[in-house]
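A quick write-up on the structure given underneath.
The values are calculated or read from the model by the stated rules, or taken from the named source; none is laboratory data. This one's a predicted model, so the numbers in the text were calculated from it and none came from an experiment. For neighbour counting, all protein chains shown are included, and Cβ atoms are generated from backbone atoms with ideal geometry for every residue, glycine included.
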Amino acid sequence: MVAVLVVDDDKTSATTLADELLAANHDVTVVHSGKEALAAMQNKTMNLVITELMLPEVDGMQIISRIRSYYPDTVVIALTQPKSNGVDYLPLAKLVGADGCLSKPVTEDSLLGLVNELLTE
């Protein structure tokens, strides 16, 4: 079973992502802030982190950077609205170390397709 951390301050989005991952038999932990994400990573080994980029306090770019420094084997998927604040952050997330990116709204097929692709590489 794959341990997945979902990080999104939008509780509806986080719940939807978690439900789709649970239905695919993943072990899912949901948090709603960057600080909670970093704490969760210290408490449990995660195989996959799916993080929103636009988060209060500690943003998704900082989470990705920290994961690459301390948990280099963890797969990371970045997600956000297309062109948040007029900027397309997803290419920047790839530069920081995200393994994959998804634009919101995320479909179940695109989520599970990317998760399966990245976890089998």
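Before moving on, here are some points about what is shown:
- Of note, Met41 satisfies the criterion of being farther than 19 Å from Leu92 by Cβ and among the aliphatic types (A, V, I, L, M).
- Qualifying residue in the stretch 53-75 (condition: crowded, with 19+ Cβ neighbours inside 10 Å, touching a residue at least 24 places away in the same chain (Cβ under 8 Å), closer than 19 Å to Pro105 by Cα and in contact with a Phe, Trp or Tyr (Cβ under 7 Å, 6 or more places away or on another chain)): yes
- For the stretch 7-49, residues that are of a type outside the set (D, E, K, R) and not in a helix (DSSP H, G or I) total 15.
- Within the stretch 59-82, tally of residues that are in a helix (DSSP H, G or I) and touching an Asp or Glu at 6+ places or on another chain (Cβ under 7 Å): 1
- Candidate set from the stretch 76-106 (those that are basic (Lys, Arg) and either within 12 Å of Met61 (Cβ to Cβ) or modelled with pLDDT under 90 (or both)); member that is surrounded by the most Cβ atoms within 10 Å (Cβ to Cβ): Lys94
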